[in-house]
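Heads up, the thing below is written out as structure tokens.
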Amino acid sequence: MAIDTARLEILSALSRKALWLSSWTIHHANHIRPNSDGLKVGGHQASSASLATIMSALYFHVLRPEDRVAVKPHASPVFHAIQYLFGRQTRDKLENFRGYKGAQSYPSRTKDTDDVDFSTGSVGLGVAQTLFASLVQDYVKAHGWMQDRREGRMIALVGDAEMDEGNIFEALAEGWKHGLRNTWWVVDYNRQSLDAVVREGLWEKFETMFRNFGWDVVIVKYGKLMRQAFAEPGGEALKRWIDNCPNALYAALCFQGGAAFRKHLRDEIGDQGEVSALIERRSDDELLALMSNLGGHDMASMLDAFEKVDHDRPVCFIAYTIKGVGLPFQGHKDNHAGLMTVAQMEKWRASQNIRPGHEWEKFEGLSQDPAALKAFLADVPFNRAGVRRLEAPVVEVPRQLEFKPAAQMSTQQGFGLVLNEIARGDSELADRIVTASPDVTVSTNLGAWVNRRGLFARAEKADLFRSEKIPSTFNWDFSPDGQHLELGIAEMNLFILLSALGLSHSINGARLLPVGTLYDPFIERGLDALNYACYQDARFMLAATPSGLTLAPEGGAHQSIKTPLIGMGQDGLASFEPAFVDELAVIMRWGFEHMQREDGEGGSVYLRLSTRTIDQVQRPVSALLHGDITEGAYWLRKPGPNAEVIVAYTGAVAPEAIEATGFIGESRRDVGLLAITSVDRLHGGWTSARKLRRDRRAVQHLSHIEKLLAPLPRDCGIVTVLDGHPAALGWLGSVRGHRVEALGVEHFGQTGAIDDLYRHYGIDANAIIDAAESLTAGGPVLHRKMAV
Ligand SMILES: Cc1ncc(C[n+]2csc(CCOP(=O)(O)OP(=O)(O)O)c2C)c(N)n1
Ligand SMILES: [Mg+2]
């Protein structure tokens, strides 16, 4: 469908305006209101210019409110400029670009106030997020929760160097397996990265790969000026020269200008009559305009490419562009952090007919009637639905989550039992939970859940083993009602999928309660994706199991040491390491509510679990204990008034801590045993209490850990122990000034049985006793006899 000329002119004008505003934003931040630390705000002018036309085509014409976009991080200024033209971004925030509470240098769902769909910044992640967001939309649709909402296209604006990120390829494979639809990736093919010009010929490989995965590939290489020139006599030869020109040379010539192009064309094509005449008919400026008229800078070509798509298969658009197009450093390989000088900006300002002092005016310098432009912007299809962030009601969580108790269990087993009980019922909670696992569904105890709730696929697919009547513990039926998304091994995909699932309430208006499982050490494999999922406030529960040395019997390489510190350090993630299953049930209940809180307190939940079977405590869980467990700790054995030492443990080392406390109690007074269920929440509570007191907002307020440790005499020692890095608990001594012996694991890789390993790494009962001895006066403490 051809677009009418008047509309095309307005779109081109708005695109020029978006480019101007994005460059002015950066210029302003550098030269007019520079950061107080004097840092140059580079890095974005060239990247933004590269995408100004494409983004304008999308936002001002092609996009619909239900479409969602991940914008390449360095196109943030042009994104904010477009939002400013829409009236959704303030001048103040643009003037304060990259400053305190100003517009963010990478589009941020949580920190920006304009209409960011997905946070980007770590290249590659936003791209894959669109793919998973589309799968989630399919999931929501298949479950009948789209109501009357239209399917959106999930669109990523991708830097060509961004394609080097492996997570994109991992996602591509997963998308293929799940029958990906409604996903567009628009590659800003400027053939430049941060440092340099990208490798010749790489894109042909990518192109084939996209097609292999079932994507439509649309190449937008030539703009209208080029196509017209190719139609002139000699045009074929010009086209051939352009097609054969190496990336680096083309970029360099774009930087040098029309005269340089002319010289090269003359030298290389020689005097060939028609093509020479074609070139000579143009002035230097006209020749440069022709040669920089690549498809990605030509509004009509881009619109045409977008509008021609008449199917819902995924599409990769490869749009040829010039990094920094239209700016003095266009094409220069060093332009990533390039900034225009004041003099260059003055010259460019004049060429854009923008009067000094009128730089922020939306329609300054455009030849169109401002009223017409205003009316155009007010009627842009993308904005017709108003606010694009949706909401979904909170799913009620029962007061208590049940599980079938046993005298001895592991927390991983307990996790499976709790989910199994939920799956058996017909609560809304059960319906809204969606599980996912990177090929460790069975080995993380999700099997029972999957047996009851099935695997998700848009089309039914029966379990062949079942239809062939071969006995198997697990039912592997796929259907559109299924509630488990089975992934390949790549952990990055798990986290990006959790991120997409965990934003469904806001993106699709349908709340999902995602639960992902993986082996604890492999959190590190997907850590950046986990970080970004939390950063954009996606809500999910992560069950990481087994953890610590309790996975090491499978091989020393499978031990996780630093994940407790990751759990503490990760913003937006409340981390727990319960020892007993009744604690876990309380935490999961709390977690499903926490995942839905919108009061600034909510977030995601990380459960660090274990396969180690231990004796369970038999007790009623009182409301008080319930509160203590979710706040992070309780006394499993209360210390007496003259306590000489206490043991504070977290997680699977509970049996060692309990046993050691018994031995220590033989010869030391009033020994206490502190069960820590969440070192993260304990620490966070302590930090915020100190801040409240300092700010004089709650002078009397004491945190949970301060209250727990308050009765201890000043010279009481604390032995801390966990199957993880000792620093996670070592801080307990700072709360009230007690001496600490912090036990934990600091070295990696020994294989063996759990007992051997606990002894080897010094977190067994005797190591705890030794530590208690070193903190107290008095005779030797009886030790546990070693098996011989
Ligand atoms: C994971 C990650 N690594 C490194 C960076 C630093 N970085 C920012 S942009 C960039 C290269 C960008 O090249 P490209 O994707 O082609 O975008 P262009 O600026 O050319 O549009 C790099 C290495 C980053 N943001 N994220
Ligand atoms: Mg690039």
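The values are calculated or read from the model by the stated rules, or taken from the named source; none is laboratory data. All figures in this text were calculated on a predicted structure; none of them were measured in a lab. Because the Cβ atoms are built from the backbone with ideal geometry, glycine has one as well, and the counts that use them run over all protein chains shown. These area figures cover heavy atoms from the full protein model, side chains too; ligands, DNA and RNA do not enter into them. Shrake-Rupley method; radii C 1.70, N 1.55, O 1.52, S 1.80 Å.
Descriptive notes on the structure:
- Qualifying residue in segment 273-290 (condition: in contact with a Ser or Thr (Cβ under 8 Å, 6 or more places away or on another chain) and either open to solvent by less than 20 Å² (accessible area, probe 1.4 Å) or among the aromatic types (F, W, Y) (or both)): no
- Selection from segment 68-101 of residues that are in a loop (DSSP other than H, G, I, E, B) and either within 12 Å of ligand 1 (Cβ to nearest atom) or surrounded by fewer than 21 Cβ atoms within 10 Å (Cβ to Cβ) (or both): V71, K72, G87, R88, T90, N96, R98, G99, Y100, K101
- Pick from segment 361-403, criterion under 23 Å from V62 (Cα atoms) and of a type in the set (K, R), ranking: least open to solvent (accessible area, probe 1.4 Å): R388
- Verdict on S506 being surrounded by fewer than 24 Cβ atoms within 10 Å (Cβ to Cβ) and hydroxyl-bearing (S, T, Y): yes
- Count of segment 732-751 residues which are open to solvent by less than 20 Å² (accessible area, probe 1.4 Å) and in a loop (DSSP other than H, G, I, E, B): 3
- Only one of the listed residues (D528, D537) is surrounded by fewer than 23 Cβ atoms within 10 Å (Cβ to Cβ) and under 23 Å from L390 (Cα atoms). That residue is D537.
- Of the residues making up segment 333-349, those that are open to solvent by 60 Å² or more (accessible area, probe 1.4 Å) and either touching a strand residue (DSSP E or B) at 6+ places or on another chain (Cβ under 6 Å) or in a loop (DSSP other than H, G, I, E, B) (or both) are K333, D334, T341.
- Condition check for S105: within 12 Å of ligand 1 (Cβ to nearest atom), modelled with pLDDT under 95, assigned to a loop (DSSP other than H, G, I, E, B) and of a type in the set (S, T, N, Q): yes
- Restricting segment 191-204 to residues that are under 25 Å from the mean Cα position of the chain (by Cα) and open to solvent by 10 Å² or more (accessible area, probe 1.4 Å) leaves a set whose member that is farthest from ligand 1 (Cβ to nearest atom) is D195.
- When residues in segment 350-382 are screened for being part of a helix (DSSP H, G or I) and either modelled with pLDDT under 95 or small (G, A, S) (or both), 6 of them pass.
- All of (1) open to solvent by 10 Å² or more (accessible area, probe 1.4 Å); (2) in a helix (DSSP H, G or I) hold for D115 with one exception: (2).
- Pairs, first modelled with pLDDT of 90 or more in segment 321-334, second acidic (D, E), C-beta under 6 Å, six or more apart: T321/D188
- Here W176, W185 are screened, and the one residue that is more than 10 Å from ligand 1 (Cβ to nearest atom) and open to solvent by 10 Å² or more (accessible area, probe 1.4 Å) is W176.
- Close contacts from segment 349-360, counting a first residue that is on the phi > 0 side of the Ramachandran plot and a second that is open to solvent by less than 70 Å² (accessible area, probe 1.4 Å) and modelled with pLDDT of 95 or more, with Cβ to Cβ under 6 Å and a gap of 6+ residues or different chains, come to N353/G365.
- Within segment 141-167, the set of residues being within 16 Å of ligand 1 (Cβ to nearest atom), modelled with pLDDT of 95 or more and in a helix (DSSP H, G or I) comprises G166, N167.
- Residue match in segment 253-267 (condition: open to solvent by less than 30 Å² (accessible area, probe 1.4 Å), among the charged types (D, E, K, R) and closer than 23 Å to I10 by Cα): no
- Selection status of A765, at negative phi, without any contact (Cβ under 8 Å) to a residue 24 or more places away in the chain and crowded, with 17+ Cβ neighbours inside 10 Å: no
- Cross-chain or 6+ apart pairs with Cβ under 7 Å, segment 122-134 first and among the aliphatic types (A, V, I, L, M) and away from ligand 1 (no atom under 15 Å from the Cβ), then open to solvent by 10 Å² or more (accessible area, probe 1.4 Å) and in a loop (DSSP other than H, G, I, E, B): L131/L180
- Qualifying residue in segment 554-577 (condition: more than 25 Å from G685 (Cα to Cα), in contact with an Asp or Glu (Cβ under 7 Å, 6 or more places away or on another chain) and either crowded, with 24+ Cβ neighbours inside 10 Å or at pLDDT 95 or above (or both)): yes
- Flag for E170 being open to solvent by 10 Å² or more (accessible area, probe 1.4 Å), acidic (D, E) and more than 15 Å from ligand 1 (Cβ to nearest atom): no
- Any chance L225 is touching a Leu at 6+ places or on another chain (Cβ under 6 Å), closer than 27 Å to H332 by Cβ and surrounded by 15 or more Cβ atoms within 10 Å (Cβ to Cβ): yes
- Any chance S437 is in a strand (DSSP E or B) and open to solvent by less than 50 Å² (accessible area, probe 1.4 Å): yes
- Here V699 meets the list (1) under 23 Å from E644 (Cβ atoms); (2) among the aliphatic types (A, V, I, L, M); (3) touching a helix residue (DSSP H, G or I) at 6+ places or on another chain (Cβ under 7 Å) almost entirely, failing just condition (1).
- On inspection, D195 passes the criterion of being farther than 19 Å from A319 by Cβ and within 16 Å of ligand 2 (Cβ to nearest atom).
- Unique match (being under 24 Å from P314 (Cβ atoms), surrounded by 21 or more Cβ atoms within 10 Å (Cβ to Cβ) and out of contact with any Leu (no Cβ under 7 Å at 6 or more places or on another chain)) among V123, V136: V123
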